[in-house]
Each structure stands twice: as structure tokens, then as C-alpha cells.
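A short worksheet on the structure shown next.
What follows draws every value from the coordinates through simple rules; no lab data is involved. All figures in this text were calculated on a predicted structure; none of them were measured in a lab. Using ideal geometry, Cβ is built from the backbone for each residue, glycine included, and neighbour counts are taken over all protein chains shown.
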């Protein structure tokens, strides 16, 4: 009875903590709207809702999965910033629960609250709503959960009851592949990183299982290939229909250029930000530089430690088990070899008993320490995935882009720390040293930095209303932006196409994609997102001009944006003024709202 009451109290305590976490995640719901990153996702979702096809009808370098999910929501609720943010918040909540579930399987109920608390803090403070990387990270964690269940269900060496765990293993292997496919539809790059980790773990598991059964290498490799085929097939079952349909509708070269070639080449040239050096001058580092350094190299250190520990566990365990298994196998065959051609019935019975005993003992040896094996394999998979996320973050190094790698690293770090022998934790120098190092590395970059973010938007309360436009859903907008959007709505018809650009198109950092969404007017061009390195080139500007002319677009809105000072190609003028010249020659200013200029065709 006491144990039952304690279990109920534990569940209630966890439920209360999760509710508190959800409340914290909703705290930033009414923070100011982001005109570019958030606007991009909202606009692309609405274009899909209008029947347009990504890559064919509008340019984007992102995977389309989240756009389709948001379009489905808009079909139910109508296009609205607040609805999109509520969906985003619930998906972030799902991520925190997935982090807790995975950490709990690797540690304990209460230790798992450590990564849950950190991730809840980060996601509640970072803002950047409708950012697909967070749902993709949630899909990665779900992939890891399915992968762990597969590792647990993989048939042990013994043949007698292998069919049941084998069937369960195939089911969880397929579930892992389905989760990988889901990840790839949201973020193709994230899906690739997770696939590398999962494929490596599956290969290790199948080789270990086959080795425990004493199978020859030919059968071991066949087992690996069969399992990898199931994994890849399940992933393709989710991702291939979506990407296949898009390739058929848009043309494979177009999808390749937008989704693969541009991010791998031009994006880095125009968006790359320098990363901290491995060996910095600590005497000259500012607090911000120190935090940037930690956000890059702490996850790398964790992944390196996990890969090293996992490799040692796997190799040492395999060698030890193989050696003992070989000895037993030799004894078994030696006993058979010593068997005389003829023997009494009692002697034959004794020899058969010895053979069965040797096989059973070899099986037991080959399957010892399975929890250690599973954990080592999973941590290796997570670390390989995390390394990919770190590499991705360095393409444009920023706290936002480094967060997915930090989330995975936190799970790995807690799992590693949990496996440090208790006798070390009980020694004062070790426990104090670890606590001091953790405080040094975590407090500034991962605690204070994110708690300070709440102060930046403390005046906006969740229940407040800070905008007049219905589509804003009471989310704060820029005053000039809202007034300009209201004016354009009043001057144009519901389906009338407009163009929203900048005052200069030879030098672009970002543009106001949210304006299309707020004004409820469709974009006149495939290139609503004016990306540097693309919209700054002559062929794309000519394409935009051709679309404006052929559709006789009457209204253009330009925004005086800040000029990029970043150390990349976005701060360098392309010298192409074709679009600016066309707007100047064919449109006249009607009115202005701060930095917004509304023009009408002459």
C-alpha cells in the first residue's frame, strides 16, 4: 500500500512538473513576430494551402514537411500567427517529453529531469517560432527511442526462443526507419545525420547478434544487409512519396538545385559566420565569446567522449566474449573429437550432455552485459547524429543553430555521467570538481543567457493583445509594418498579387516575408524569399521582372532594410540593379510608413 501511494505521488509530481514546463513554453507566445524566419514558414504554408507546389511554384531551400503540416492546420483554423505558434509550442512540448523519455530509459526517473529541465528552459526562451529544426530534433529523439527498443528486442544468441524477440526487433527496426523518414521530411539534413547514426547502430547490433549465434561472416553480413534494407525501406515509405511527388511535379533538377545544391554551395558563401577557434586567447575573450566557444566545443567534447567510451565497451566486450566463446567452442569440438567411434550408451549420453552444456554456456557468455551493449550502441548512434548537427551549425554559427546539437549532447552527457561508478561520486574531490566544471561550462552559455532572454519580452503577456490585424492573432507587429499592411489590404483586391522587396536588391540580407501573410495578398513571383546569392543575381532579377510585367502587378512594397555587416558575401554588393531599375522606372511612390514605401504602377 505504501509503495502504491508512493508511485501515485511520483506520477503526480512528474505530471505537475510537465504542466509547469508547458506553462513556461507558452510564456513567449506573444513575443514580437519575426518578419523573415517566421514569415517564411507562414507564407510557404499558405502558398501550399492555395494549391501551390514547393520548388515548382515557389523557391525554398528547406524540406517541405513542416510547411505541409502548418498548411493542414491553417485549413482547420484559417491562416493565423497565433495558431501557428500554438502548434509550434505543442511540438516543443513533445520534444521535451521525448527528451525525458529517452533520458529515463538511459538513467532513472529523477535523473532524466535534468535534461528535461534544460531543454524546457532553452525552448521556452529562444523564440524563433515555426522553426522546423525543433520538430526535426523531436523526430530524431523519437528515432533514438525506437532504435533503443530495437536494440532491446534484438534476438539474443540462443536459438530456442529467438523468434519472438526477432519479430519484435523487426517491428522496432521498421519503426526506427519510419521515424527517420519523418525526420527527413521536416529537415532533410537532420534526417541524413540521424540515418548515419541509426545505420551504424543497426550494423553493430546485427553483427553482435550473429556473432553470438556463431554464424560465419557470410551470414553475418547478410544479416546486416537485411536489417539495413528494412531500415531504409521503412524510411523511404515515409519520405519517398513526398519527395517523389515533388520531383515529378517540379522536375528533379529543380528540386536538387533548391534543396541540395544551393544549401551546399551558395548558402555557405552568403550566410557563413566564423566559428570560435579551438585554442582561444582566454585572457582576451569576452563573456559572449566564451559562451560561443562553449556552445561549439562542449557538445563536440561530449560526443568524442561518448564515441570513445562506446568503442571501448563494444570492442572490449566483443573480444572478451569472443575469446571465451572460442574456448568453449574448442572444448566442445575437442570433446567430440575425443569421442571413440564406438561407445557405450551411457558414454554417449554424457558426451551429449557436455555438448549441450558447452553450447548453453557459450550462449550465456555471448549475451552477457546486454544493457551495457545496448547503451554503448545507442550513445554511439546519438553521437554520430550529434556530430552531423554540429557540422550543420557551423554553416551559420549562431546560438539558435547550435541548439539541436546541444539537446542531443545533453542526453548523451547525462547518460555518461550516470554510468560513472558511485564510489567516485561519493569522493568529495571528484564530486566537487565535476560540479565546479559543470557550473563553469553551463551557467553562462546555457542558463543565464537563456533566462536573460525572458527579460527582453517581459512586457508581453500571454493573454494580451498587441495587434489589430486578425491574422496576427494578437501577436505584436512592427507599427509601420501593420499600418502598411492595412493600407495595402484596403487598396487591393483579395486575390490581387503584390511584390514585397527591399529598397536595394544588389545588397540583400533578409526581406519582409511576413508582409505577404499579414496583408493576405499572394506573391507575384516564385522568388518571394529574396535570398542573397540568388535574388542578387541577374538571371533571378530578370525572372522577377518578367513575372511582374507579365502579370501587370500594380502594387509594390519596399522596405529600407539594414545593410549586412556580416563577414560573408551578403555584405558585398553584386552590382546588379536590374530589379531596382525596373521598379524605379515603372512604379511611383504613393505613401510611406516609416521604412515601408508603397508604390503603384505608373
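Numerical summary
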{"item": "Fewest-first sequence of 392, 5 by Cβ atoms within 10 Å of each Cβ", "result": "5, 392"}
{"item": "Folded to 0 to 90 degrees: helix 113-125 orientation relative to the chain principal axis, Cα", "result": "10 degrees"}
{"item": "Proxy reagent accessibility, fewest Cβ within 10 Å first, across 407, 196, 540", "result": "196, 540, 407"}
{"item": "Alpha carbon centroid spacing (whole Å) that separates the range 405-469 from the range 504-537", "result": "37 Å"}
{"item": "The chain - percent relative contact order, Cα under 8 Å, separation 6 or more", "result": "19 percent"}
{"item": "Relative contact order (%) - criterion: Cα under 8 Å, at least six apart; region: the range 188-248", "result": "31 percent"}
{"item": "Helix 217-250 vs. the chain, principal-axis angle (Cα, 0 to 90°, nearest 10)", "result": "20 degrees"}
{"item": "Length-normalised contact order for the range 1-149 - Cα pairs under 8 Å, 6+ apart - percent", "result": "30 percent"}
{"item": "Using a Förster distance of 25 Å, the FRET efficiency for residue 463-residue 560 (Cβ separation, nearest 0.05)", "result": "0.15"}
{"item": "Residue order, fewest to most beta carbons within 10 Å, for 414, 119, 598", "result": "598, 414, 119"}
{"item": "Two-site label geometry, residue 454 and residue 23: point separation in nm, points 7 Å out along Cα→Cβ", "result": "1.1 nm"}
{"item": "Separation between Cα centres of the range 370-388 and the range 165-207, rounded to whole Å", "result": "13 Å"}
{"item": "Extension gain (nm, one decimal) between residue 222 and residue 430, 0.36 nm per residue minus Cα-Cα", "result": "70.2 nm"}
{"item": "Alpha carbon centroid spacing (whole Å) that separates the range 248-301 from the range 97-118", "result": "29 Å"}
{"item": "Alpha-carbon gyration tensor eigenvalues x 5, square-rooted, for the range 1-154, Å", "result": "34, 19, 13"}
{"item": "Cα long-axis angle, helix 81-106 against the chain (0 to 90 degrees, to the nearest 10)", "result": "20 degrees"}
{"item": "Rounded to 5, the percent of DSSP beta bridges in the chain classed as antiparallel", "result": "60 percent"}
{"item": "Inter-label distance for residue 537 and residue 581, nm, one decimal - labels placed 7 Å from Cα along Cα-to-Cβ", "result": "2.0 nm"}
